Each structure stands twice: as structure tokens, then as C-alpha cells.
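J.: A single structure is presented below for examination.
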Amino acid sequence: MPRTSQSGPAESGRGPSDHDSSGPAAEPETNAGPDAHSDTAVAHGGCSPDGPADSDDVVTPDEADSSGETDSSAEADSSGEAAASERAQYGRSAVRRFLLAPPTVLTLALTVLALLLHGVAADRLGVDLAGGALLPVGDLGDVWSAYLDAWHGVAGGTTSAGSPALAVLGGLGAVLGGPAVAVSLLLLLDLPASALVAYAATRRLGAGRWARAGGAAAYALAPAATDAVSSGRIGVVVVHIALPAVVAGIASLLLGGDVRRLPLSASCALGMALLGVFSPVTYGMVLVGLLAAFVALPVPGGRSWKGLPAIGMVVLVPLALALPWLPTLVTHPELLLHGLTGPADAATVASLAGLHPSGGVPLGLVLVVVAVAALVTAASVRMATGAVLVVIGCAGVAVTQLVWAEPVTGGGELPGYAGAPLVVVTAGLVAIVLGVRRGAGDGGLPVVAAGCAAVTLVMLAMVAFLGGSGEVRDGGGVRLPAALADELADSGRGALVLGRDGVPVPPPDRLAAGRTPQFGDDAFAPAEGMAERLEGWRNGLLAGSRDAVTNAAAAGVEFVVLPPGENGGALRAEAGDLVRSVPSASGGRTVLRLTPEAGQVTLVSPEQAHRAVSGSAPSDELMRGSAIAPVDARLPEARVRVSEGPDGRLLVLAAEYEPGWSATVDGEPVPITPAWGHQVSVAVPESESEVVVRYTAPWHSVFLLVGVAALLFTVLTAVPGRLRTARGR
């Protein structure tokens, strides 16, 4: 902000008399002799202007003392009033400077814009947002269990590790009132938060404060980010907020010779880890840019290989922090492409040129034009960082659009979502504009440049409002009525939410035990063949197949949520005795209860056991009465005291068989017998016995401990450096 040359607050609040009375020269000279009182009297006006005072006007010593005290008190009051006036003026000036400062104006303007966008253009003002690609977020216990547990009741039971992003949301939720609140605040405050981070991160680009504020606003209004918010792509939102700080830190690490390398590299490593767990493709892009810049960028005095350990820390520490998740990424690399919220439809060339991955009017193209014009007319070395970001962002866009893969949840091959790479491109374009060849400081922009900046911001704001409605809503997503949700939590049985065909990106079939599907479930890799089984159950249920009902019930399913527009007419007609209608789910979707007896753990009769090991579908006649006995147990450990009974019985678990399951009968190890070809079961003897079935994964605990140790080391390395910097300032 341009500064006017004005006197300090202490000077501007005083007149000449104030200076005279307050300085040492204004103090009367004190005489040590008997004439002191008369001198004081004269100094304080004891004589007439026309001449010496007559005898009637002579001031006695007592009167002189009294007069001196009165005048001193008056001077003190005047000085106190002046000081109070100065303080008030200084306070008003400080408040005015604060309110008119670029960061304050930027924050207030974008906060108002965010309120209008989420409250007027869309119905998103709330603390439990879900919809689109964002599944409902669980409570604090659910989120932490999804990260820490080695086995999850998702997709029939999976040993896939949870994403460390769940731990990040769990940590934020512990402070903010729950993970759902944390996710909602990230979505609602994305505009002002990303703008403030971008404003702070651009302080070394040599641009004026108002120019930086304009660039930060343009970055905050990135079409890819507004599309991510409206479609529930929380990973891209986190990238949008954190990216400028991470890039600024890496640039300082590469180019700043006077920077304390170890604390800064630890901070950069934490930022890289944050990008990686929410958007693996962004971590890959920034990593490539970091390594390329380390090798290629010239450094005054030459590149010192002493910085290699710091770079190694930035590269390797994120891997250590995400160690529990790495085996899942290695066996299912499609997660690197699709991230936490799944695949997307292929983007058109026009939408990519407009920086908007979901299409619409490509108004974002104006930012591309402005950046190209700046590069052609006023190129400078300060544009190097922006150019690198544009290059790696375009490479990321190419990867997401040219590499197609089958999602872990099943279905056909699909591309990734181009939102995160386009955010990187937008950051690069803004950095190029801010790096134009001009004087640093608070000087005003030329009229043409200011006009272009205003037009760019207006266009980006229009993109936000035109495409900002989306599917994310407060209380959105698939949710059962409260009574059904409580029943599901008590029984531990599953809720099967069916997907549908006929859309560009068909939602997958989702199965979760004890609850409806939640955020993070789509990043769990199901057991081999389970995605195909879920698809088969969907086709069978919609066609009215009785076998589909019994197969789903044997796997622990209690409620089936049909696709939008389906009422289950065929299923009621063909298997009306096996299903019963219950209140609809959110959005009016039909919900059916499966009536065959089942549970997380069941003891089945020899007749049903024979069908289980022979590959036949479960018999509905053998799923009621004395032929089946649900057991009160919660997976992944079942400890059951079995009474005496006929030979050939099976203890069946609603869990897909994977390595790591073990069983004992009266303490003796026994083999696992797959039921219906994929479920965990154990043969039960005739005599009374204790059967224990459990899943163990010792390496998962080791990986968690390594990740915690890496986190503590990195935080302790980063924080002291920040404190020392703060003390120095």
C-alpha cells in the first residue's frame, strides 16, 4: 500500500506550546538564593506587562508555592490530555492501516465471496458436507479406526491399509469438533485460506503488495479449485491451500544460501507428505520439479552438494510418514492416479484450456492469455518458478488424461481427475504474471495491467458462480434414517449401496459393515474378485434373483439401498418373502431389508455347510429357524464357545478370505475353510469347544510405529527452527 509521508503520532498531536512546555528549555531556571520565590513569581506572570508590579501585587512565598502547584497541575493535565489524544489518534491510524492493508482486504473480500458462493449459488453452508465424490465423513472414532486398524469391514472385509489422509482429518477433527467439521471448513474456507497462503508465499517474487494480493485472489479463484469444492474432491482442495507454501519452501531451500537447511527441509517434507497423502499425483509432480530444479537451476557460487541431504529429507520423509499405506499403493498403483475420491470423466481440450476439468465456459483462458502476454512483453528471471510449475502441471494433466486404469472399486478403465494438475498450472501462471520485469515495492501498476488484472478476477469469479453449485450439500450423500442406522451399528451387519450404469463415471457398488459407506472407503482395495461379486449381486438384485439375496445375506448384508429411480419391483415380485420395505434413504432412494437370518458371525447347519463348500448358493430355507445361529461377535476377531452338536457344522464369518486369517479349536490350530469360495469359515467339531478366529498383521503395527517416529522426528526438527526465526524477528 502506498505510504504518505506524515509525522509520527507523537508529533502530529502537539502544538507549539506543547513542545515548549514539555522540553527542557521550557523549564524555568531555579535560583538557590532568597530571590528564588520572586523569580518564580515573575516567570509565572506575577508582574504587569506594562512594568514592574506594585506593592499590592507582590506575591508572598506561600502564595507563590500555591500558584506553582496550581500551574504544574494544569500543565500535567494538559500533557495527559495530549498523550491521550496521541494514543487515540495512533489507535485510529493503526486500525485504518490494518483494515486497508492488502491481506485484510483480500481476506474480507474472499470471505464474503465464499459466503455468497456457498450460501446463494449453492446450499453448502453447514458442518456436515457430503455429496458428489465426497462420501459422508465418519466420527472421530471411525476415522481413526480406519487409519489404525489392519482389517476393515469395507467391501466384505479387506486388509488394505487406510490412507494417512484419514489421520490428518482425525487430528484436525480432534481440535475442530470432528472430522466432518474439519472437511466442511476446508471446503467453505478454501477461497480465503488459499489466498492468504498464496499472498504470504509470494513475498519473495519482488512484486508490490497489491499486485501480490491480486495474484493471490486469482489463484484462490482457480476454476479447478472451485470445481473441486463443488464436486467434493477434498484432496484437490487441500492441494489448493497447501501448494503455494510448499513451493515457496522448496524454492527457498534450493536458492536461499542463508537459510537454515535442516528446519526448512523438515517443514518442506511435512508439506510434501500432506500433498502426497491427499493427492499422490501432485506429490509426483512436485517431486519431479524439485529434482529437476536441483540439477538444472544455476546457483550463485555453484551448486553445493552439501544440500543433497536436505533434498533427500524432503523426498524420503514423506514416504516414511506414509509407510503403512505404501504396500497398498505398490499393489494397487491405480490409487496413485485416482486418489482418494476416485476417477473422473475425460476432460475436453476446451475445458483444459479454460483450467476447468469439468467443462463449462472456458473463462479461465483469460489467465492463460495474461500470463503469455506477460511472458512475451516483460520476461524476467523471477518467472522461472512459475514456468517450472506450468511445465510440471501440464505433464500432470497429460498423465491424468492419457493413462487410464480400472479403479480399485471395479468397473471399466477411467482417467484420473485433472483438478490437481490444473491447480499447479494456475499457480505457475500467477507466478509468471507476478514475476514481470518491474520495480519491486508498492508502486502502482500501469493502467493497462491493472485493467487486465481486474478483468481476470471478474472472469474467474464468474467461473466460480456459474459452475459452483455441484452436488455437495449439508447432510448430503447416502444416509439411512436414524433408527435404521442405529440398528445397523448394533448388529454390525452390512449396508449395500448399489451403483448404477449409464453415466460417464458410474458410481461403484459399496458395502460397509455396521454403517453406510463413508469417506475413505473408496481408497480401500477390496479382496480379489469382490468388486465383480458386488456387481453380480447388483445385477441379480435388480433382476429379482433369490440367489442374489441369499448370497448377499450370507455375506452379512442387512440393508440394500437401490440406485436412484429403482423401486425394487422385480425383487419384490420374485423374492417378496426374502425382502421387506423400510423407510427410504436420503434423496428418496429405496431401501430394502433382507429377511434371511444372518450376522457378522454365524454357525450354520451341516446341510448349509455342504452347500458352502461345494459352491452352491445358500439356501433361503436353511437361513431361518434352527438351521442357523447368529453369534454375538465383532470382527476381525471371533471367540465362540460352541455347544455339542452334529458333525459338519461351519462357523462362517462375513469376511473375505485373505492371508493373515488364522483359527484355533480348543487352542489347537485348524485350517481355514473358504465358504462359498471366498468367505472365512472354520469346521466345528461335534463336542463342545472354544473356537477362535482372528486376523493378525504384525507388519502393519511396525509400519505405524515407524510412521509415528518419522512424524515426531520431522516435527521436532522443524518447530525449533521456526521458533528461532520468530525470536530473531
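The values are calculated or read from the model by the stated rules, or taken from the named source; none is laboratory data. If you're wondering where the values come from, they're calculated on a predicted model, not measured in any experiment. Ideal geometry is used to build each Cβ from the backbone, glycine not excepted, and the neighbour counts take in all protein chains shown.
J.: What about F294, is it of a type outside the set (S, T, Y), buried (at least 16 other Cβ atoms within 10 Å of the Cβ) and under 21 Å from I234 (Cβ atoms)? If you could, list the steps in order and put the result at the bottom.
T.: Values: of a type outside the set (S, T, Y): yes; buried (at least 16 other Cβ atoms within 10 Å of the Cβ): yes; under 21 Å from I234 (Cβ atoms): no.
Here the answer is no, as F294 does not meet what is asked.
J.: Suppose we filter G256, G215 for residues that are without any contact (Cβ under 8 Å) to a residue 24 or more places away in the chain, farther than 27 Å from S163 by Cα and more than 14 Å from the chain's Cα centre (by Cα); which single one remains?
T.: Values: G215 fails: without any contact (Cβ under 8 Å) to a residue 24 or more places away in the chain.
That would be G256, the only listed residue that is without any contact (Cβ under 8 Å) to a residue 24 or more places away in the chain, farther than 27 Å from S163 by Cα and more than 14 Å from the chain's Cα centre (by Cα).
J.: Sticking with this structure for a sec: Within the range 555-576, track down each residue that is assigned to a helix (DSSP H, G or I) and either surrounded by fewer than 19 Cβ atoms within 10 Å (Cβ to Cβ) or within 38 Å of the chain's Cα centre (by Cα) (or both).
T.: Our first condition is that a residue be assigned to a helix (DSSP H, G or I); within the range 555-576, this holds for 569-575.
Residues satisfying the conditions are G569, A570, R572, A573, E574.
J.: Also, I was wondering about something else. For A548, state whether it is out of contact with any Cys (no Cβ under 7 Å at 6 or more places or on another chain), buried (at least 17 other Cβ atoms within 10 Å of the Cβ) and within 13 Å of G156 (Cβ to Cβ). Outline the logic, then answer.
T.: Values: out of contact with any Cys (no Cβ under 7 Å at 6 or more places or on another chain): yes; buried (at least 17 other Cβ atoms within 10 Å of the Cβ): yes; within 13 Å of G156 (Cβ to Cβ): no.
Considered against the rule, which asks whether it is out of contact with any Cys (no Cβ under 7 Å at 6 or more places or on another chain), buried (at least 17 other Cβ atoms within 10 Å of the Cβ) and within 13 Å of G156 (Cβ to Cβ), A548 comes out as no.
J.: Checking G364 against (1) under 20 Å from the mean Cα position of the chain (by Cα); (2) of a type outside the set (K, R); (3) modelled with pLDDT under 90, only one condition comes out false. Which one?
T.: (1)
J.: Tell me, please, whether a residue that is touching an Asp or Glu at 6+ places or on another chain (Cβ under 8 Å) and either assigned to a helix (DSSP H, G or I) or of a type outside the set (F, W, Y) (or both) can be found in the range 184-194. Even if it seems obvious, please write down each step before you answer.
T.: In the first step, residues of the range 184-194 are kept if they are touching an Asp or Glu at 6+ places or on another chain (Cβ under 8 Å); the result is 184.
In the following step, the residues that additionally are either assigned to a helix (DSSP H, G or I) or of a type outside the set (F, W, Y) (or both) were identified as 184.
Yes, there is a match, as at least one residue in the range 184-194 is touching an Asp or Glu at 6+ places or on another chain (Cβ under 8 Å) and either assigned to a helix (DSSP H, G or I) or of a type outside the set (F, W, Y) (or both).
J.: Right, something else. Scanning for something more than 30 Å from G359 (Cβ to Cβ), at pLDDT 95 or above, touching a Gly at 6+ places or on another chain (Cβ under 7 Å) and crowded, with 23+ Cβ neighbours inside 10 Å, does the range 227-235 turn up at least one residue? Show your work before the answer.
T.: Step one: filter the range 227-235 for residues more than 30 Å from G359 (Cβ to Cβ), giving none.
No, there is no match, as no residue in the range 227-235 is more than 30 Å from G359 (Cβ to Cβ), at pLDDT 95 or above, touching a Gly at 6+ places or on another chain (Cβ under 7 Å) and crowded, with 23+ Cβ neighbours inside 10 Å.
J.: Residue by residue through the range 131-146, note down the ones that are buried (at least 21 other Cβ atoms within 10 Å of the Cβ) and farther than 26 Å from S230 by Cα.
T.: Keep residues of the range 131-146 that are buried (at least 21 other Cβ atoms within 10 Å of the Cβ), which gives 131, 133-138, 143, 146.
Within the range 131-146, none qualify.
J.: Output yes when any residue across the range 626-642 is polar (S, T, N, Q) and modelled with pLDDT of 90 or more, and no when none is. Steps first, please.
T.: Let us first name the residues in the range 626-642 that are polar (S, T, N, Q), namely 626.
Those left that are additionally modelled with pLDDT of 90 or more: none.
There is no residue in the range 626-642 that is polar (S, T, N, Q) and modelled with pLDDT of 90 or more.
Each row is one residue, and each column tells you yes or no for (1) at pLDDT 90 or above; (2) within 28 Å of L196 (Cα to Cα); (3) assigned to a loop (DSSP other than H, G, I, E, B); (4) in the same structural domain as A344 (by TED's automatic domain parsing).
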site: S66; (1), (2), (3), (4): no, no, no, no
site: S72; (1), (2), (3), (4): no, no, no, no
site: S78; (1), (2), (3), (4): no, no, no, no
site: T111; (1), (2), (3), (4): yes, yes, no, yes
site: V137; (1), (2), (3), (4): yes, yes, yes, yes
site: V143; (1), (2), (3), (4): yes, no, no, yes
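J.: So which residues in the range 608-633 are assigned to a loop (DSSP other than H, G, I, E, B) and surrounded by 16 or more Cβ atoms within 10 Å (Cβ to Cβ)?
T.: Keep residues of the range 608-633 that are assigned to a loop (DSSP other than H, G, I, E, B), which gives 615-619, 623-624, 632-633.
If the condition is that a residue be assigned to a loop (DSSP other than H, G, I, E, B) and surrounded by 16 or more Cβ atoms within 10 Å (Cβ to Cβ), then A617, P618, S619, M623, A633 are the ones that fit.
J.: Identify all residues within the range 544-554 that are free of Cβ contacts under 8 Å to residues at least 40 places away in the same chain and touching a helix residue (DSSP H, G or I) at 6+ places or on another chain (Cβ under 6 Å); write none if there are none. If you could, list the steps in order and put the result at the bottom.
T.: Restricting attention to the range 544-554, the residues satisfying the condition of being free of Cβ contacts under 8 Å to residues at least 40 places away in the same chain are 544-545, 548.
Once the filter is applied, which keeps residues that are free of Cβ contacts under 8 Å to residues at least 40 places away in the same chain and touching a helix residue (DSSP H, G or I) at 6+ places or on another chain (Cβ under 6 Å), the range 544-554 yields G544, A548.
J.: Starting from the range 611-639, take each residue that is without any contact (Cβ under 8 Å) to a residue 60 or more places away in the chain and list its partners that are in a loop (DSSP other than H, G, I, E, B) and of a type in the set (A, V, I, L, M, F, W, C), counting only C-beta distances under 7 angstrom and pairs at least six apart or across chains.
T.: Listed by first residue and then by second, the contacts come to P630/A598; R639/A633.
J.: Residue by residue through the range 683-706, note down the ones that are under 43 Å from the mean Cα position of the chain (by Cα) and assigned to a loop (DSSP other than H, G, I, E, B). Show your work before the answer.
T.: First, the residues of the range 683-706 that are under 43 Å from the mean Cα position of the chain (by Cα): 692-706.
If the condition is that a residue be under 43 Å from the mean Cα position of the chain (by Cα) and assigned to a loop (DSSP other than H, G, I, E, B), then T696, A697 are the ones that fit.
J.: Only one of L125, L169 is closer than 20 Å to G477 by Cα, part of a helix (DSSP H, G or I) and either touching a helix residue (DSSP H, G or I) at 6+ places or on another chain (Cβ under 8 Å) or among the basic types (K, R) (or both). Can you tell me which? Don't jump to the end; show me each part of the working.
T.: Details: L125 fails: part of a helix (DSSP H, G or I).
Answer to the selection: L169.
J.: Between residues in the range 456-467 that are closer than 15 Å to L110 by Cβ and assigned by TED's automatic domain parsing to the domain that holds L116 and residues that are small (G, A, S) and surrounded by fewer than 20 Cβ atoms within 10 Å (Cβ to Cβ), which pairs lie under 9 Å by C-beta distance while being six or more apart or on different chains?
T.: From the range 456-467, the pairs are V463/G360; A464/A121; F465/A121.
J.: Out of the residues in the range 348-360 that are modelled with pLDDT of 90 or more and surrounded by fewer than 22 Cβ atoms within 10 Å (Cβ to Cβ), state the one that is nearest to V370 (Cα to Cα). Steps first, please.
T.: Taking the range 348-360 first, the residues modelled with pLDDT of 90 or more are 348-357.
Remaining after also requiring surrounded by fewer than 22 Cβ atoms within 10 Å (Cβ to Cβ): 348-350, 353.
Working: T348: 22, V349: 19, A350: 17, A353: 13 Å.
Going through the qualifying residues, I end up with A353.
J.: Let me ask something additional. Pick out the one residue from A207, A161, A217 that is assigned to a helix (DSSP H, G or I) and touching a helix residue (DSSP H, G or I) at 6+ places or on another chain (Cβ under 9 Å). Full working, then the answer.
T.: Numbers: A207 fails: assigned to a helix (DSSP H, G or I); A161 fails: assigned to a helix (DSSP H, G or I).
Answer to the check: A217.
J.: A further question follows. Please work out if L541 is closer than 15 Å to D501 by Cβ, in the same structural domain as P517 (by TED's automatic domain parsing), surrounded by 24 or more Cβ atoms within 10 Å (Cβ to Cβ) and in contact with a Leu (Cβ under 9 Å, 6 or more places away or on another chain). So that I can check it myself, show each step before the final result.
T.: Values: closer than 15 Å to D501 by Cβ: yes; in the same structural domain as P517 (by TED's automatic domain parsing): yes; surrounded by 24 or more Cβ atoms within 10 Å (Cβ to Cβ): yes; in contact with a Leu (Cβ under 9 Å, 6 or more places away or on another chain): yes.
When the stated conditions are applied, L541 passes them.
J.: Starting from residues that are assigned to a loop (DSSP other than H, G, I, E, B) and of a type in the set (S, T, N, Q), keep the ones in the range 577-591 and report whichever is surrounded by the fewest Cβ atoms within 10 Å (Cβ to Cβ). Can you show your working first?
T.: Residues of the range 577-591 assigned to a loop (DSSP other than H, G, I, E, B): 577-578, 583-585, 589-590.
Filter again for of a type in the set (S, T, N, Q), leaving 584, 590.
On the way: S584: 14, T590: 20.
Out of the qualifying residues, it is S584.
J.: So W699 ticks every box in (1) at pLDDT 95 or above; (2) in contact with a helix residue (DSSP H, G or I) (Cβ under 9 Å, 6 or more places away or on another chain) but one. Which box is left unticked?
T.: Here W699 clears every test but (1).
J.: Being assigned by TED's automatic domain parsing to the domain that holds P646 and touching a residue at least 24 places away in the same chain (Cβ under 8 Å): is that true of V557 here? Spell out how you get there, then give the answer.
T.: Values: assigned by TED's automatic domain parsing to the domain that holds P646: no; touching a residue at least 24 places away in the same chain (Cβ under 8 Å): yes.
Taking the combined requirement at face value, the residue does not satisfy it.
J.: Also: Among L496, L480, which is aliphatic (A, V, I, L, M), surrounded by fewer than 24 Cβ atoms within 10 Å (Cβ to Cβ) and modelled with pLDDT of 95 or more? Before the answer, list the steps.
T.: Details: L496 fails: surrounded by fewer than 24 Cβ atoms within 10 Å (Cβ to Cβ).
Just one listed residue meets the conditions, L480.
J.: Say we look at the range 649-682 and pick out the residues that are assigned to a strand (DSSP E or B) and among the small types (G, A, S); which of these is farthest from E607 (Cα to Cα)?
T.: So, considering only residues that are assigned to a strand (DSSP E or B) and among the small types (G, A, S), the one farthest from E607 (Cα to Cα) is S662.
J.: Moving on. Filter the range 120-166 down to residues that are among the β-branched types (V, I, T) and over 24 Å from V560 (Cβ atoms), then give me how many there are.
T.: From the range 120-166, those among the β-branched types (V, I, T) are 120, 127, 137, 143, 154, 158-159; that's our starting set.
From the residues that got through so far, the ones that are over 24 Å from V560 (Cβ atoms) too are 120, 127, 143, 159.
Total meeting the criteria: 4.
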